[in-house]
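J.: Could you have a look at this structure, given as structure tokens, before my questions?
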Amino acid sequence: MNPAEAHWLALEADLADYLAQKGVRPSCRAGCAACCFGLVTLSRLEGEALLPHLTGPQRSRLLGEGPRRLALLREGKDDPRFPSRFFLSRIPCPLLEEGLCGVYPWRPLACRGLLTQGDPRLCEPEAGLRKGHFLSAPWRMARLRMERVWEEEKRRYGFLVLGELASLLYLLLSGFPREKEEAEALLQELGILGGRWGFQVA
Ligand code: SF4
């Protein structure tokens, strides 16, 4: 099993315990998908854990959407306002299907850690991000799991690749280099390496 899958399951259990202990009832519901218009970042290992679960149509959508995402990242990676501009443009995650996550059991840690018990209307891009709207503890729990996946990725590959969800999955489907120098060269050539929101190689 890809270690990311174990962390997905472990985070679900941790979150269920936390929410039960604290008596927190998130208002997140099936069909409520405003957060799926935002920028989601994941690492190569998490992306590789997701790939085998993709359906044919999901692969096709990612292959179709990838070049547009790369162009957006190339243009916006140094802009501090890029995430809010992207969110407001309401470009849906290519894995969103009729308002539902099409890879729900295999969705990234970043998606799992974003919960609110507030008014779902405040999740909409036009509402602006209000401090405290999203629950901080679930996000921290997800972040700690991400860091453990990153460490595993560094052990496995010798380096870590972090990038925007649809772009990263597109690159993995298209054949991503195994070696660090080649990976950096490809990302540099695509114009999406570094900057504030571009791909990170560490
Ligand atoms: S992977 Fe699923 S939960 Fe995450 S942004 Fe995409 S559709 Fe939404």
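The values are calculated or read from the model by the stated rules, or taken from the named source; none is laboratory data. Note that the structure is a prediction, hence the values are computed from the model and not measured. Cβ coordinates were reconstructed from backbone atoms using ideal geometry, including for glycine residues, and neighbour counts include every protein chain displayed. Note: areas computed on protein heavy atoms with side chains; ligands, DNA, RNA excluded. Shrake-Rupley method; radii C 1.70, N 1.55, O 1.52, S 1.80 Å.
J.: Return yes or no: is THR41 closer than 16 Å to GLY113 by Cα and β-branched (Val, Ile, Thr)?
T.: yes
J.: ARG81 fails exactly one of the following numbered conditions: (1) away from the ligand (no atom under 12 Å from the Cβ); (2) surrounded by 15 or more Cβ atoms within 10 Å (Cβ to Cβ). What is the number of that condition?
T.: That leaves (2) as the condition not met.
J.: Would you mind finding the one in LEU165, LEU135, LEU172 that is closer than 25 Å to LEU11 by Cα and within 13 Å of the ligand (Cβ to nearest atom)?
T.: Result of the check over LEU165, LEU135, LEU172: LEU165.
J.: Would you call TRP139 open to solvent by 30 Å² or more (accessible area, probe 1.4 Å), touching a strand residue (DSSP E or B) at 6+ places or on another chain (Cβ under 9 Å) and modelled with pLDDT of 95 or more?
T.: So TRP139 fails the test.
J.: Right, another one. How about the range 2-34: which of its residues are free of Cβ contacts under 8 Å to residues at least 12 places away in the same chain and touching an Asp or Glu at 6+ places or on another chain (Cβ under 7 Å)?
T.: Selection gives nothing.
J.: Mind checking which residues of the range 99-128 are among the aliphatic types (A, V, I, L, M) and over 18 Å from the mean Cα position of the chain (by Cα)?
T.: LEU122, ALA127 - these are the residues of the range 99-128 that are among the aliphatic types (A, V, I, L, M) and over 18 Å from the mean Cα position of the chain (by Cα).
J.: When only residues in the range 30-46 that are open to solvent by less than 10 Å² (accessible area, probe 1.4 Å) and within 11 Å of the ligand (Cβ to nearest atom) count, which is farthest from ARG156 (Cα to Cα)?
T.: The residue in question is ALA34.
J.: Which one is nearest to TRP106 (Cα to Cα) among residues in the range 1-23 that are among the hydrophobic types (A, V, I, L, M, F, W, C) and surrounded by 18 or more Cβ atoms within 10 Å (Cβ to Cβ)?
T.: Among those that are among the hydrophobic types (A, V, I, L, M, F, W, C) and surrounded by 18 or more Cβ atoms within 10 Å (Cβ to Cβ), it is TRP8.
J.: On to the next question. Can you list residue pairs whose Cβ atoms sit under 6 Å apart, with the first residue in the range 91-109 being over 18 Å from GLU65 (Cα atoms) and open to solvent by less than 20 Å² (accessible area, probe 1.4 Å) and the second being in a strand (DSSP E or B) and more than 6 Å from the ligand (Cβ to nearest atom)? Count only pairs 6 or more apart in sequence or on different chains.
T.: Every condition considered, the pairs that remain are PRO108/LEU42.
J.: Just checking, which of ALA4, ALA16 is away from the ligand (no atom under 12 Å from the Cβ), closer than 25 Å to PHE159 by Cβ and in a helix (DSSP H, G or I)?
T.: ALA4
J.: Kindly evaluate LEU73 against the criterion of being out of contact with any strand residue (DSSP E or B) (no Cβ under 9 Å at 6 or more places or on another chain) and either touching a residue at least 24 places away in the same chain (Cβ under 8 Å) or within 16 Å of the ligand (Cβ to nearest atom) (or both).
T.: no
J.: Residue by residue through the range 105-137, note down the ones that are in a loop (DSSP other than H, G, I, E, B), farther than 21 Å from ALA16 by Cβ and in contact with a His (Cβ under 8 Å, 6 or more places away or on another chain).
T.: none
J.: Here are the criteria: (1) in contact (Cβ under 8 Å) with a residue 12 or more places away in the chain; (2) in contact with a helix residue (DSSP H, G or I) (Cβ under 7 Å, 6 or more places away or on another chain); (3) part of a helix (DSSP H, G or I); (4) not aromatic (Phe, Trp, Tyr). Tell me which single one ALA183 does not satisfy.
T.: In the conditions (1) in contact (Cβ under 8 Å) with a residue 12 or more places away in the chain; (2) in contact with a helix residue (DSSP H, G or I) (Cβ under 7 Å, 6 or more places away or on another chain); (3) part of a helix (DSSP H, G or I); (4) not aromatic (Phe, Trp, Tyr), ALA183 misses (2) alone.
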